[in-house]
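Below: the structure, in C-alpha cells.
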Amino acid sequence: MHLDDRPFHVLESSQFDRPFLDYICLLTDTIRRFDKSKEGLMYLRGLLAHKRAMLYFTQPSTRTFLSFQSACHILGMPTSEIRDSSTSSERKGESIEDSLQTFSSYVDIIIMRTQVPGLCNQIANHLDNTDRPVPIINAGSGPDEHPTQALLDIYTLNRSFIRRGGIPGKTITLVGDLKRGRTVRSLSLLLANYEDIKIRFVSPKEYRIEDDLRLQLTKKGVQFEETSDFIGALDGTDAVYMTRVQDEYDANNESAAINIDNYSLKYEDLCHLKKEAVIMHPLPRRTELDTRIDKDPRAKYWRQERNGMWTRVALLTMILGVHRNIVLPDL
Ligand code: CP
C-alpha cells in the first residue's frame, strides 16, 4: 500500500482491500509497542493533540464508544459526545444533516453510531458538499455495516493465525442472527480479500444472511455454505464467530418465537472444536456463548475487544494523516 492511500470516510468494509488490511494489522502491532513505555505513550499523545473528535452515538454502545474514546485520548485528541439525540437540537426539529454539519464546525472528525441503515453514507455525502467536509467513521449503522468491528476482527484473526499461515485457507464459521448482524456482513466482506477462505453461515432459517451479501460473496468468488447444523459446522472450523439475536430490530417481538438454543456454544461443545481453533464474539453476549468458556485458551473475545482500541488508534492515525510518524519494522 502506498502511504498516501489512506481512507477519508470509513463507511463500509468493502472499501478496504488486502494491502490496506495487511498495512493496518502491521501498523496496529507497531503502535501497541508504544504502550510498553511512558515515553512511547507520551509520543502517541502528541500525534493528534492538534485535532478534535466528536462521538455521536445515538444507539447504545459500550465497547465501540469506549474504545474509540480511548483511542482518541491515546492520540491526544480531545473528544466531545452526544449519546442521546433528545439532548441535542434535533429535539427542537433540527434536521440530522444540520446537526452533523454543526458538529463539523467544531471538530476534525466525527465518529457515529446510529440505528438508521445508510445514515453514515448520507451524512458523509452531505458534508462532502459543504465548505467543511470532515471524515465520518461508521461505528455501526443499523443492521447494515460495522466496518471498524470488522477491522478489529481481522486483526484478531491475523494474530491468532500468525504461526499457521495467516487467514488464507482458513474455515470461518459465523453463527447466530446473520440477517441483522452487521458485524457478520462487514466481516464476511473483509474475509473475501483472503485467498481460499471458506465461510460457513450457521443460523435458524429466520436469521439467514440477506440476498445482497449472498450475491456479493458469489461475485467475489468466495466459497461459502449455509446450514442450520451448528455442531456439524464446528468440525474442521478454524474460527467460530458467535453473535447474539439482534432483537432491537424486531417489529413485533418476533424473536421471542425463535429458539436459538441450538445455535449457542456451550462448554460441552468444545470437544467438537479443533485444539487450535479460535472462539470470537463481537460482544455483548447473552446465552449464545457460555461464560464457562472464558477460561479456555481458545476464547479470544476479551482480547478481541481490547484489540479494538489499538486497531482504532491505527485507523485514526491513517485518516488524519499521521501514520507516517509511526516507523514500521523492516520485514
Ligand atoms: N461490538 C460492539 O459493537 O459492541 P458495542 O455495541 O458495545 O459497541
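Every read-out reported here was derived from the displayed coordinates using simple, explicitly stated rules and does not represent laboratory data. From a predicted model like this one, the values you see are computed outputs, not experimental measurements. Quick reminder, even Gly has a Cβ in these numbers, built from the backbone with ideal geometry, and neighbours come from all protein chains shown.
If you average the sequence gap of Cα pairs under 8 Å that are 6 or more apart and divide by the length of the chain, what percent do you get for the contact order? Each step should come with its number before you reach the end.
On the way: 586 pairs, mean separation 66.0, N = 331.
Over the chain, the number comes to 20 percent.
If I fit a long axis through the Cα atoms of helix 182-191 and take the longest principal axis of the Cα atoms of the chain, what angle between them do I get, 0 to 90°, rounded to 10?
So the helix axis and the longest Cα principal axis differ by about 80 degrees.
So for Leu127, Leu100, Leu26, Leu215, fewest C-beta neighbours within 10 Å to most, what's the order?
Values: Leu127 21, Leu100 24, Leu26 17, Leu215 10.
With the sparsest Cβ surroundings first, the list reads Leu215, Leu26, Leu127, Leu100.
Using only the alpha-carbon atoms, how far is helix 147-160 inclined from the longest principal axis of the chain? Give it as 0 to 90 degrees, nearest 10.
60 degrees
Normalising by the residue count of region 120-244, find the relative contact order in percent from Cα pairs under 8 Å and 6+ residues apart. Numbers along the way, then the final one.
Details: 200 pairs, mean separation 31.8, N = 125.
Reported as a whole number, the value is 25 percent.
Would you list, by chain and number, the lysines whose Cα falls below 23 Å from the Cα of Lys51, excluding same-chain residues fewer than 8 positions away?
Partners within reach: Lys38.
Do you know the relative contact order of region 7-166, to the nearest whole percent, from alpha carbon pairs under 8 angstrom that are 6+ apart? Mind dumping the intermediate values first?
On the way: 217 pairs, mean separation 42.3, N = 160.
26 percent.
Let me have the 222 nm mean residue ellipticity of the chain computed from DSSP H runs of 4+ only, each contributing -39500 (n - 2.57), with the sum over all residues rounded to the nearest 500. List each step's numbers first, then the result.
Numbers: 10 runs with 117 residues, N = 331.
Mean residue ellipticity, 222 nm, calculated: -11000 deg cm²/dmol.
Quick one: helix 96-106 against the long Cα principal axis of the chain, what's the angle to the nearest 10°, folded into 0 to 90?
The two axes meet at around 60 degrees.
Of the listed pairs Lys179/Lys274; Lys198/Lys295; Lys219/Lys275; Lys170/Lys295; Lys220/Lys295, which have alpha-carbon separations greater than 31 Å here? Provide the component values of the computation, followed by the final result.
Values: Lys179/Lys274 27 Å; Lys198/Lys295 27 Å; Lys219/Lys275 33 Å; Lys170/Lys295 24 Å; Lys220/Lys295 37 Å.
In this structure, Lys219/Lys275; Lys220/Lys295 exceed 31 Å between Cα atoms.
When the label point is put 7 Å from the Cα of Glu97 along its Cα-to-beta-carbon vector, which residues of region 117-148 have a backbone N closer than 15 Å?
119-133
Give me Thr291, Thr156 ranked fewest to most by other Cβ atoms within 10 Å of their Cβ, as a rough exposure proxy. Write down the numbers at each step before the final one.
Working: Thr291 10, Thr156 24.
So the ranking, lowest neighbour count to highest, is Thr291, Thr156.
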